[in-house]
1. Rounded, prolate or oblate, given the Cα gyration tensor of the protein assembly as shown, with a/c below 1.5 counting as rounded?
2. What are the nm distances, shortest first, from residue A:55 to its equivalents in the other copies, labels at 7 Å along Cα→Cβ?
3. Given axes a ≥ b ≥ c from the Cα gyration tensor, I'd like to know whether segment B:30-73 is rounded (a/c under 1.5), prolate (a/b larger than b/c) or oblate.
4. In nm, to one decimal, how far is the residue A:10 label point from the residue B:20 one, both placed 7 Å along Cα→Cβ?
5. Using 0.36 nm times the number of residues separating residue A:64 and residue A:1, minus their current alpha carbon distance, what extension gain do you get?
6. For segment A:1-48, report the translational diffusion coefficient in µm²/s to the nearest whole number, using Stokes-Einstein at 4 °C, 1.567 mPa s, and a Kirkwood Rh over Cα pairs.
7. Please quote Rg/Rh for chain A to two decimal places, taking the Kirkwood radius as Rh and restricting both calculations to Cα atoms.
8. If each of residue B:38 and residue A:76 carries a label point 7 Å out from its Cα toward its Cβ, how far apart are those two points in nm?
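Bear in mind that the values in this text are calculations on the coordinates, not laboratory data. Every value quoted in this text rests on a predicted model; they were computed, and no experiment measured them. Here the Cβ positions follow ideal geometry from the backbone for every residue, glycine too, while neighbour counts run over all protein chains shown.
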């Protein structure tokens, strides 16, 4: 499964969230990560996020895709995918 | 076609980008929009973004999907999709 995660997390918690996601996924930009994960990894990521965020204030949206989606970039690519492929 | 747009745009330009995308797509969170678009709308959105951003400093990533993807939300949903469906 391929996931894209976008988050809107308060500044007090955002660095821990970023550090955690970096262990599992590819950082795309700002508050966006993506990557191929197994079902077990997906569950671990969700459990980890639930521990790190405040569910009453923060928001994380996870898009679940079958495979890496087509993408177009306008402007600069902050962290090119080619580097990891 | 269904698109998800994430952007990382300098603070001087971000409000104009948000205002422009709101005319075409559903605001999800922070700097994320998504929605169903025709090919013509997709081209208009890209042309509009190219005019609004500074391509040397800002970054916009557009994920192109066949249909609205499955999604999971952890924490609060800032702008529920159900409102427009």
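1. Cα axes put the protein assembly as shown in the rounded bin.
2. 4.5
3. Numbers: a/c = 2.84, a/b = 1.41, b/c = 2.01.
Oblate, because a/c is 1.5 or more while a/b does not exceed b/c.
4. 3.4
5. 22.0 nm
6. 119
7. Values: Rg = 12.9 Å, Rh = 13.5 Å.
Using only Cα positions, Rg/Rh for chain A is 0.96.
8. 3.7
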